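Below is one structure, written out as structure tokens; the observations come after it.
The values are calculated or read from the model by the stated rules, or taken from the named source; none is laboratory data. Computed from a prediction, not measured in an experiment: that's the story for all the values here. As a convention, Cβ positions derive from the backbone with ideal geometry for all residues, glycine included, and neighbour counts pool all protein chains shown.
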Amino acid sequence: MRFFLDSANIDEIREANALGVISGVTTNPSLIAKEGRNFRQVVEEIVAIVDGPISAEVISTDAEGMVAEARELAQIHKNIVIKIPMCAEGLKATSRLSQEKIRTNVTLIFSANQGLLAANAGATFVSPFVGRLDDVGHDGLDVIREMVEIFDIHGLATEIIAASVRHPLHVTAAARAGAPIATIPYKVLMQMVKHPLTDKGIEQFLKDWETVKNK
Ligand code: E4P
């Protein structure tokens with residue numbers, strides 16, 4: 001499983017990239033708003049740090065507008081992937097962009113059928129939102145399991161990104177379900193790094209070393 005960082009914070013992206021474990025970044029309008037900075041400038045900074053798919057989301061609600069925004073964003077860098085919301089207009093835009101060889105990530109996916117539609121429209125990636133489904137009392141991982149199975153049965157090339165990840169167990173479960181990618185917030189990535197027994201082990205090794213280091 002590959003990991004993308006779900007963030008628009010440059011410090012977080014730099015730190016995560018230095019770990020050598022992320023191969024892409026996903027942003028969305030809320031993550032950009034959290035930074036309070038110019039969208040294009042943030043995206044330009046991200047592509048300069050991470051060499052992999054960088055999702056930048058359109059905000060138009062009609063296909064025409066989405067395609068126009070996408071064309072502009074795609075010019076920023078070859079690694080830009082256009083994030084398109086799952087809706088009828090979004091599918092139209094995805095299929096037009098796919099014909100133009102512009103890569104897309106169809107977002108706000110909450111059912112396997114939405115994922116199937118996006119794949120048929122030519123989406124490069126689809127992003128089912130695990131945490132937001134859990135929030136409303138559905139098992140978000142079920143959608144990941146269904147989509148992995150269906151995409152496999154039908155040999156679909158669209159890649160599934162497990163999104164709206166809230167804790168390390170979501171990552172483990174999505175990996176076991178066969179999702180090829182998870183996009184992870186920085187906090188969760190760092191929670192995955194840590195284990196209390198690792199910290200305790202390091203502390204003990206250093207303490208024991210002190211007793212023999214001058215011998
Ligand atoms: C995915 O690409 C989205 O940016 C993200 O995972 C949404 O997560 P949230 O539900 O925590 O906002």
Somewhere in segment 127-137, is a residue within 16 Å of the ligand (Cβ to nearest atom), part of a loop (DSSP other than H, G, I, E, B) and of a type in the set (D, E, K, R)? no
What is the one condition in (1) surrounded by 21 or more Cβ atoms within 10 Å (Cβ to Cβ); (2) assigned to a helix (DSSP H, G or I) that A123 does not satisfy? (2)
So, in segment 68-84, how many residues would count as being over 18 Å from F4 (Cβ atoms) and crowded, with 21+ Cβ neighbours inside 10 Å? 1
Do any residues in segment 101-129 that are in contact (Cβ under 8 Å) with a residue 12 or more places away in the chain have Cβ atoms under 7 Å from those of residues that are away from the ligand (no atom under 16 Å from the Cβ) and among the hydroxyl-bearing types (S, T, Y), where the two are at least six apart or on different chains, and which pairs are they? T104/S98; A121/S95; A121/S98; G122/S95; G122/S98
Condition check for E159: more than 19 Å from T26 (Cβ to Cβ) and of a type outside the set (A, V, I, L, M, F, W, C): no
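Residue-by-condition table, conditions (1) at pLDDT 95 or above; (2) closer than 20 Å to P185 by Cα; (3) in contact with a Phe, Trp or Tyr (Cβ under 8 Å, 6 or more places away or on another chain):
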| residue | (1), (2), (3) |
| --- | --- |
| S30 | yes, yes, no |
| A48 | yes, yes, no |
| G52 | yes, yes, yes |
| L73 | yes, no, no |
| V81 | yes, yes, yes |
Segment 73-90 residues that are farther than 13 Å from T27 by Cα, paired with ones that are among the hydroxyl-bearing types (S, T, Y) and in a strand (DSSP E or B) (beta carbon under 8 Å, 6 or more apart): M86/T107
Restricted to segment 26-62 and to residues being touching a residue at least 40 places away in the same chain (Cβ under 8 Å) and either buried (at least 21 other Cβ atoms within 10 Å of the Cβ) or not aliphatic (A, V, I, L, M) (or both), the residue nearest to P85 (Cα to Cα) is E57
Scan of segment 32-69 for residues that are within 16 Å of the ligand (Cβ to nearest atom), in contact with a strand residue (DSSP E or B) (Cβ under 7 Å, 6 or more places away or on another chain), hydrophobic (A, V, I, L, M, F, W, C) and not in a loop (DSSP other than H, G, I, E, B), ordered by number: V43, I46, I54, A56
The one condition in (1) touching a residue at least 12 places away in the same chain (Cβ under 8 Å); (2) within 22 Å of H170 (Cβ to Cβ); (3) surrounded by fewer than 19 Cβ atoms within 10 Å (Cβ to Cβ) that V136 fails to fulfil: (1)
Name the pairs: first residue in segment 192-215 and surrounded by 10 or more Cβ atoms within 10 Å (Cβ to Cβ), second residue part of a helix (DSSP H, G or I), Cβ to Cβ under 6 Å, at least 6 apart or on different chains? M192/P168
Filter segment 98-120 for residues that are among the aliphatic types (A, V, I, L, M), assigned to a helix (DSSP H, G or I) and within 16 Å of the ligand (Cβ to nearest atom) and give the result. A118
What residue, among those in segment 140-170 that are within 14 Å of the ligand (Cβ to nearest atom) and small (G, A, S), is surrounded by the fewest Cβ atoms within 10 Å (Cβ to Cβ)? S164
Only unsatisfied item for A177, checking (1) in contact with a Lys or Arg (Cβ under 6 Å, 6 or more places away or on another chain); (2) surrounded by fewer than 18 Cβ atoms within 10 Å (Cβ to Cβ); (3) over 26 Å from I13 (Cβ atoms), is (2)
